Amino acid sequence: MTSLVLLEFDANGIKQPSRSAVAAASALGDVHVLVAGSNVAAAGQAAAKLPNVAKVLVADSPALDHLLAEPTAALLVSLAPAYSHLLAATSAVGKNIMPRVAALLDVQPISDIAAVVDADTFVRPIYAGNGMATVKSSDSKKVITVRAASFDPVAADGGNAPVEPATVGDLPTPGKFVSAELSKSERPELTAARVVISGGRGMQNGENFKLIEPIADMLGAAVGASRAAVDAGFVPNEYQVGQTGKIVAPELYVAVGISGAIQHLAGMKDSKVIVAINKDEEAPIFQVADYGLVADLFNALPELKAELERS
Amino acid sequence: MKILVPVKRVVDYNVKVRVKADGSGIETSGVKMSMNPFDEIAVEEAVRLKEKGVATEIVAVSLGVAQCAETIRTALAMGADRGILVETTDELQPLAVAKLLKAIADQEQPKLIILGKQAIDDDMSATGQMLAALLGWPQATFASKVEVSGETMTVTREVDGGLETVSLPLPAIITTDLRLNEPRYASLPNIMKARKKPIDNKKPADLGVDTAPRLTVLKVTEPPKRKAGQKVGSVAELVSKLRTEAKVI
């Protein structure tokens, strides 16, 4: 039984959520990985260093630039006959492509798995993580996205897998990439950060997120936000932690001015240590916090900055 | 241009859901049901395209039990023109839903299908992409901005690191993200008008689709509960505990 994992990568190598997907695939048997894109030889070399990987397939074609859904799904379908399981991280890329692959294979996808029970059976969250469903697939091939926060990623190096070019046939490219506007940040990505500090509606406006930023920099943290803060336009949507945003499970999660709506908790309750700072002592966030500070964030954040600077 | 908007009846997003004691699923009896919030955004976008003169007709489709007609009525009150209910009491998983919607699309020949990016019950985030695959149409998922111009559309998508803009030929699929628009509340006169709008009733068998589930739910359990921890009295105490007790900074 061999799985194929679609990897995502950037200039720094294979992304952490994809390495979590490799970890999930390792529980199913042999693992091959796919690096797809245009001029991706370097990413292929980075993929070869991942532990637990038996083979790297490199699909290099201008049609695969930006991993648009139509050509990338067609590529995966063409490679599918050799594999029992096709996996990707539950990321914007994985969620865009994998259900399309599944439909082309006449398979019901298994989205966002949090555990592997056996080759056919998986655990996945439903209702914003308020239920954990154990589901068994009757499809002969499984198409899966992997909840990165639930699987410790494999290391970025330690392996030495052979690299082979994948056969790339004619790929459909009806859609055209126009542009990307990616946030430029020196901070770690939300889904890969060891520490995350998120602001909520209590921040009152986007300008006040500047109170969070220096603290994030001192802790090497990513900055996140609740859906309420995103809805109110304080920060862009890519900051959103929750059911409809990103799922994170850092070592330390600091929730500032976040009441703790169910849909926010769904995105962060697997964090190792949770800190809540909120002036409302009845806020539901305190029910999941390891350390709760009832305080006005406009006093607490400057104090926190000063306290961290002190040592 | 005709737009098809599938709408799903789900447990209202304000309801605190409970896992059934026998582990067979989530308690849904006696629970308030509403239109999936992302589908409301889809209806709103379709109505705005009609108001701009881009769309000429909006067809709202719902699949499931008879009460899904209420969800269609909500879409009609927001501005959709007519509804199609594919009525069944069987469990429908995204693959079956996509096949049923393909059959409807084959009959209706829309130029655009707008769906929510995910339903807040099963959280699969799959149907739009699957429908696009079955129709052989391009897809623009997680849309935060849509501009239709003649036979093409330009869509800005919410991706992990920010935004991505793609251009697609029509017909095509859009799935909606949170910030695409803010759905309107239906006005009382529009709710009254919606009662007179037609809803066509079909059965999955009429559409020639096998809806048998491919996933069997073996059990549903409560997620591991976190216990509330301790309250700290000051920022200094917080930092000290994070350093010496939790050892995370």
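Computed from the coordinates by the stated procedures, all read-outs in this text should not be read as laboratory data. Remember, it's a predicted structure, so these values are computed and weren't measured experimentally. Cβ sites come from the backbone with ideal geometry, for glycine too, and all protein chains shown count toward neighbours.
Observations, loosely collected:
- Mean Cβ count within 10 Å, highest first, over the residues of peptides A:86-97, A:112-123, B:42-53: A:86-97, B:42-53, A:112-123
- Of the residues A:GLY242, B:GLY64, A:LEU104, the one whose Cα sits farthest towards the positive end of the charge dipole of the protein assembly as shown is B:GLY64 (charges of +1 on Lys and Arg Cβ, -1 on Asp and Glu Cβ, taken about the Cα centre).
- Extending 7 Å from the Cα toward the beta-carbon at both B:ARG48 and A:ASP170 defines two label points whose distance is 3.8 nm.
- The overall shape of region A:6-102 is rounded: from the C-alpha gyration tensor, with semi-axes ordered a ≥ b ≥ c, the ratio a/c is less than 1.5.
- Charging the Cβ of each Asp and Glu at -1 and of each Lys and Arg at +1, and nothing else, the dipole of the protein assembly as shown about its Cα centre rounds to 820 debye.
- Dipole magnitude of chain B, debye to nearest 20 (Cβ charges: Lys/Arg +1, Asp/Glu -1, about Cα centre): 680
- Using only side-chain charges placed at the Cβ, +1 for Lys and Arg and -1 for Asp and Glu, the dipole size of region A:193-311 relative to its Cα centre rounds to 260 debye.
- The mean number of partner chain beta-carbon atoms within 10 angstrom of a residue's beta-carbon across peptide A:203-215 is 0.
- Among the trypsin sites (Lys or Arg not before Pro) in region B:150-249, those located in a DSSP loop and surrounded by at most 15 other Cβ atoms within 10 Å of their own Cβ are B:ARG184, B:ARG195, B:LYS196, B:LYS225, B:ARG226, B:LYS227, B:LYS247.
- Antiparallel beta bridges, as assigned by DSSP with both residues in the protein assembly as shown, represent about 35 percent of the total such bridges.
- Global geometry of the protein assembly as shown, whether rounded, prolate or oblate, following the gyration tensor of its Cα atoms and the 1.5 cut on a/c: oblate
- Rounded, prolate or oblate (a/c below 1.5 giving rounded, otherwise prolate when a/b exceeds b/c) for chain A by Cα gyration tensor: prolate
- Of A:LYS184/B:LYS231; A:LYS246/B:LYS20; A:LYS176/B:LYS52, those spanning more than 29 Å from alpha-carbon to alpha-carbon: A:LYS184/B:LYS231
- Peptides A:225-237, A:292-304 ordered by packing proxy, namely the average of other Cβ atoms within 10 Å per residue, highest first: A:225-237, A:292-304.
- Peptide-level mean, for B:127-136, of C-beta atoms on other protein chains within 10 Å: 6
- Karplus-based coupling profile of region B:202-216, in residue order and whole Hz: 10, 10, x, 5, 4, 9, x, 10, 7, 9, 4, x, 9, 10, 9, with θ = phi - 60° in 6.51 cos²θ - 1.76 cosθ + 1.60 and x standing for Gly or Pro.
- Under the combined filter of DSSP loop state and at most 10 neighbouring Cβ atoms within 10 Å, region A:151-205 retains these GluC sites (Glu not before Pro): A:GLU186.
- Euclidean distance between Cα centres, region A:176-209 to region A:55-131, Å: 26
- J(HN,Hα) series, region A:15-32, from Karplus relation 6.51 cos²θ - 1.76 cosθ + 1.60, nearest Hz, glycine and proline x: 5, 4, x, 5, 5, 5, 5, 5, 4, 5, 5, 4, 6, 10, x, 5, 10, 10
- Nearest-0.05 FRET efficiency for B:LEU188 and B:THR89, computed from C-beta distance (R0 45 Å): 0.90
- Shielding score for A:175-185, defined as the mean number of other chain Cβ atoms within 10 Å: 6
- Sequence-separation-based contact order of chain A, relative, with Cα cut under 8 Å and 6+ spacing, percent: 15
- Across region B:132-213, Cα pairs under 8 Å and at least six residues apart give a relative contact order of 26 percent.
- Leading residue at positive end of dipole, the protein assembly as shown (Cβ point charges), from B:ALA103, A:PHE286, B:THR28: B:THR28
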